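Just below is one structure, and these are the notes that go with it.
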Amino acid sequence: HLSPGCLGEGALAGLGHLSSAASAILVHRMRGHCRLEVWGDGHLVGPAVDGDLWLRTDLDYRGFASFSYSTDGVAFTALGGSFPTVWSSYRGSRIALYSFSADGADGHALFRDFRYVVPSRDLPWAPAEPGPLGHPAPVGL
């Protein structure tokens, strides 16, 4: 749960996967307005946003991440495609919450909540209860 109202001009804040092929969903404040963006093996500029956001990433059993967002914490909208989380010197993907400003602008990101949901370890894969920031791959993949 991210409140982007405190971001300074030019600042970014979001949720991502750090691996040798990093990807993220983020809020970018430009010219006084916030816009969603997805970065991975490309760059997608999404809708303008105002107010609190819930950001979510889903990581499937093949190691692909996808991103979605919500303005109410209940109904999520997918943004962008799926991105590989490539292993490097460690196994898997590292999940990151971050705030960044290249020019040192004032402001900060306010993350109000973070949840991590792990699917059932029983096969076949069974979905766990979805939370604000992630849930397992759908049944039948």
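The values are calculated or read from the model by the stated rules, or taken from the named source; none is laboratory data. Given the structure is predicted, the values throughout are model-derived calculations rather than measurements. Neighbour counts are summed over all protein chains in view; Cβ atoms, including those assigned to glycine, are modelled from backbone coordinates with ideal geometry. Ligands, DNA and RNA are stripped out before the accessible areas are found, and what is left, the full protein with its side chains, is counted by its heavy atoms. Shrake-Rupley method; radii C 1.70, N 1.55, O 1.52, S 1.80 Å.
Report the charge-dipole magnitude of segment 1-82 in Debye, nearest 20, computed about the Cα centre from +1 at each Lys and Arg Cβ and -1 at each Asp and Glu Cβ.
The dipole magnitude comes to about 120 debye.
At 1.4 Å probe size, what's the solvent-accessible area of residue 95? Round to the nearest 10 Å².
Residue 95 exposes around 70 Å² with every protein chain in place.
Give me the log10 of I(q) over I(0) for segment 54-107 at q = 0.21, 0.32 Å⁻¹, as the Debye formula computes it from C-alpha points; what are the numbers?
The calculated log intensity ratios at q = 0.21, 0.32 Å⁻¹ are -0.91, -1.20.
Taking K and R as +1 and D and E as -1, what net charge do the other residues with C-beta under 13 Å from the C-beta of residue 80 add up to?
Taking every other residue near residue 80 into account, the sum is -2.
Quick one: which residues, 5+ away or cross-chain, put their amide H under 5 Å from the amide H of residue 49? H built at 1.01 Å from N.
Residues meeting the amide H criterion: 34, 35, 36.
Starting from the Cα of residue 74, step 7 Å toward the Cβ, then list every residue of segment 13-55 with an amide N under 17 Å from that point.
What the label zone holds, given the 17 Å backbone N cut-off, is 52-55.
Long-range amide H contacts for residue 73: which residues qualify at under 5 Å (H placed 1.01 Å from N, peptide plane, sequence gap of 5 or more or a different chain)?
Sorted by chain and number, the residues that satisfy this are 54.
So what does the Cα-only Debye profile of segment 1-124 read at q = 0.09, 0.12 Å⁻¹, as log10 I(q)/I(0), no solvent term?
-0.25, -0.44
Give me a comma-separated list of calculated 3J(HN,Hα) values for segment 39-48, in order, Karplus coefficients 6.51, -1.76, 1.60 applied at θ = phi - 60°, integers in Hz, x for any Gly or Pro.
10, x, 7, x, 9, 10, 8, x, x, 5
³J(HN,Hα) across segment 13-30 via Karplus (A = 6.51, B = -1.76, C = 1.60, θ = phi - 60°), whole Hz, x for Gly/Pro?
8, x, 10, x, 10, 9, 8, 5, 10, 5, 8, 7, 10, 8, 9, 10, 8, 9
First select every other residue whose beta carbon is under 13 angstrom from the beta carbon of residue 17; then total the charges, Lys and Arg +1, Asp and Glu -1.
For residues surrounding residue 17, the net value is -1.
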